[in-house]
Amino acid sequence: MTVADTKQPKGPSSSKEVSTKPSVFVDGAAGTTGLGIRERLDQQGDVTIRSIADDKRKDAGAKRALMEEVDIVILCLPDDAAKETVALIDSMGTSAPKVLDASTAFRVAPDWTYGFPELAPDQADKIRTARKVSNPGCYPTGGIALLRPLVDASLVPSDYPISINAVSGYSGGGKSMIESFENGTAPAFELYGLGLEHKHLAETQLYSKLSRRPIFVPSVGNYRQGMLVSVPLHLDTLPAKPDGADLHAALAKRYAGSTYVSVMPLDNAATKGGRIEPEALNETNMLELYVFASARHRQAVLVARLDNLGKGASGAAVQNMRLMLGLPDAAGLA
C-alpha cells in the first residue's frame, strides 16, 4: 500500500474529485533545483502537483494548511528556511507529510535518511520507509559513488589520505554565479573552496566511510551544466596493492543491476584517448563511473560523470520521491 492509498486531500482547498494519486508540494520551485524537479514531475502522470500562491509563500499558516493535504513536501530552500519549514512539519503530528530536503541542512543529521539509493544494498529500502530524506549534494554523489564501494571492499583504507578534484557547470553555483557567467563577467574557469571548508565535505566523508577528512578542490567552468569528479590513487600505497581491474571489479559488483549508475568498461582510457568531457549526461539521472589505470606506473584515476542538475540535484530528488511514495521508476529520469 502506498501513501496515496491512505492519505487523501482534504479541506476547503481540495478539488471536488478526490484524487487517488499521491500529491506533492515543491517548496521553493522558483530556484534551479525546484524548476528541474517541476519539469520532471510534469512528465509523470501518476502524481498530483500542489502549489501555493506567491503571496502566501511565507505565510506559515497557509503553508501548514497545504502541507496537511499532501503526501510529500520537497524543500528547495536555503538551509535556514529549510530548518524553519521542517520545524513546522515536525509540529504537525500525525498530519505531517513526508519530507525530502534538497538543502545541506540535514545531510549528516542522524535522524534523517541519506537519499543516495545506490549507497548500499539496503539504502533504497531505507528511503522507501523513511519520513525524512536528505537529497545528496552533486559533488558528494560522484565522490561517494567512487569511494564507498572501495572502502567497503577494504581496497581503500578508511584513513587513506584522499584528494577529490571536481569541475561543474556554473548552474550549480547559485543565482549570483549564474548571472556572472551569463552576463560575461565571470572567468572561463576557476578553482574555488580553497579555504578547505566546502559545505559538501561533511557528507562526502561520512558516507564514504572515511575517518580522515579528504581534501576537496572544486572548480567551475564556463558551461551551464555537467560534472566530473575525480579521485587519484597511488596503487602501491594501498595496503591491498590493487590494480585497476581490482578497483573496477569492486565498483562493478556494487552497482550490478543498477538503473542509474553504470560502471564503464576498464579500457575506456584507450577508447577515449585519455580524455573525458562533462556534458554527455546532461538532462538525465544517469551516473557513469570510470577507472583509468596505468599498470606501468601503478597509478589510477577514478572518475564520476553526472549532470549536476540531474543525478546531482533534481533527478535524484524525483528518484527519491518516487521511492518514498512507493512508485516505480518513471519517464523523465533516465
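Among Ala124, Thr141, Ala105, flag the residue with its Cα farthest along the positive direction of the charge dipole of the stretch 84-206, charges on Cβ as +1 for Lys/Arg and -1 for Asp/Glu.
Ala124
Tell me the relative contact order for the chain as a rounded percent, counting alpha carbon contacts under 8 Å between residues six or more apart. Intermediate values should be presented prior to the final figure.
Details: 669 pairs, mean separation 64.8, N = 334.
Worked out over the chain, it gives 19 percent.
In terms of modelled amide H atoms, which long-range or inter-chain residues lie less than 5 Å from the amide H of Ile49?
Here Val24 satisfy the definition.
Could you please report the charge total around Leu210, scoring K, R as +1 and D, E as -1 over all other residues with beta-carbon less than 13 angstrom from its beta-carbon? Mind dumping the intermediate values first?
Details: positive: Arg148, Lys209, Arg212, Arg213; negative: Asp152, Asp159, Glu203.
Overall, the nearby charge balance is +1.
At 1.4 Å probe size, with every protein chain present, just tell me what the per residue accessible area of the chain comes to in Å². Walk me through the intermediate numbers first.
Numbers: 14890 Å² over 334 residues.
Here the per-residue accessible area is 45 Å².
Among Ser168, Ser208, Leu228, whose Cα projects farthest towards the positive end of the dipole of the stretch 161-259, with charges put on the beta-carbon of Lys, Arg (+1) and Asp, Glu (-1)?
Comparing the listed Cα positions along the dipole, Ser208 ranks first.
Could I get the Rg over Rh figure for the stretch 179-238? Both from C-alpha atoms, Rh via Kirkwood, rounded to two places.
Numbers: Rg = 14.9 Å, Rh = 14.0 Å.
The Rg/Rh ratio comes out at 1.06.
Determine the sum of side-chain charges near Leu233: Lys and Arg each +1, Asp and Glu each -1, restricted to other residues whose C-beta is under 13 angstrom from that of Leu233. List each step's numbers first, then the result.
On the way: positive: Lys241, Arg298; negative: Asp236, Asp243, Asp246.
So the environment of Leu233 carries a net charge of -1.
Output the peptides 122-130, 110-118, 48-56, 190-198 sorted from most to least packed, where packing is the average of other Cβ atoms within 10 Å over each peptide's residues.
Numbers: 122-130: 15.4, 110-118: 19.6, 48-56: 13.8, 190-198: 11.8.
Answer by packing, highest mean first, reads 110-118, 122-130, 48-56, 190-198.
Given the -39500 (n - 2.57) contribution per DSSP H run of 4+ residues, what per-residue ellipticity at 222 nm results for the chain, rounded to the nearest 500 deg cm²/dmol?
Numbers: 11 runs with 98 residues, N = 334.
Helices in the chain give a 222 nm mean residue ellipticity of -8000 deg cm²/dmol.
Where nothing but the Cβ of Lys and Arg (+1) and of Asp and Glu (-1) is charged, how large is the charge dipole of the chain around its Cα centre, in debye to the nearest 20? Intermediate values should be presented prior to the final figure.
Numbers: 36 positive and 38 negative charges, 78 e Å.
With Lys and Arg at +1 and Asp and Glu at -1, about 380 debye.
Please tell me which of these pairs span more than 21 angstrom C-alpha to C-alpha: Lys83/Lys311; Lys56/Lys83; Lys58/Lys83? Mind showing how you got there, number by number?
Numbers: Lys83/Lys311 24 Å; Lys56/Lys83 18 Å; Lys58/Lys83 14 Å.
Over 21 Å Cα-Cα: Lys83/Lys311.
Given a 1.4 Å probe and every protein chain left where it sits, what share in percent of the accessible area of the chain is carbon and sulfur?
Numbers: 7870 of 14890 Å².
Ligands and nucleic acids excluded, carbon and sulfur give 53 percent.
Report the relative contact order of the stretch 52-160, percent, no decimals, based on alpha-carbon pairs under 8 angstrom and at least 6 residues apart. Please report the intermediate quantities before stating the final value.
Values: 124 pairs, mean separation 21.9, N = 109.
Relative contact order for the stretch 52-160 comes out at 20 percent.
To one decimal place, what orientation-averaged projected area in nm² is obtained for the convex hull of the Cα set of the stretch 71-168? Mind dumping the intermediate values first?
Working: hull surface 30.1 nm².
Taking a quarter of the hull surface, the average projection is 7.5 nm².
With +1 on the Cβ of every Lys and Arg and -1 on the Cβ of every Asp and Glu, and nothing else charged, how large is the dipole of the stretch 160-271 about its Cα centre, in debye rounded to the nearest 20? Intermediate results must be reported in sequence, preceding the final value.
Working: 9 positive and 9 negative charges, 73 e Å.
Rounded to the nearest 20 debye, it is 360 debye.
The values are calculated or read from the model by the stated rules, or taken from the named source; none is laboratory data. These figures come from a predicted structure and were not determined experimentally. Because the Cβ atoms are built from the backbone with ideal geometry, glycine has one as well, and the counts that use them run over all protein chains shown. Note: accessible area is taken over every heavy atom of the protein model, side chains too, but ligands, DNA and RNA are not part of it. Shrake-Rupley method; radii C 1.70, N 1.55, O 1.52, S 1.80 Å.
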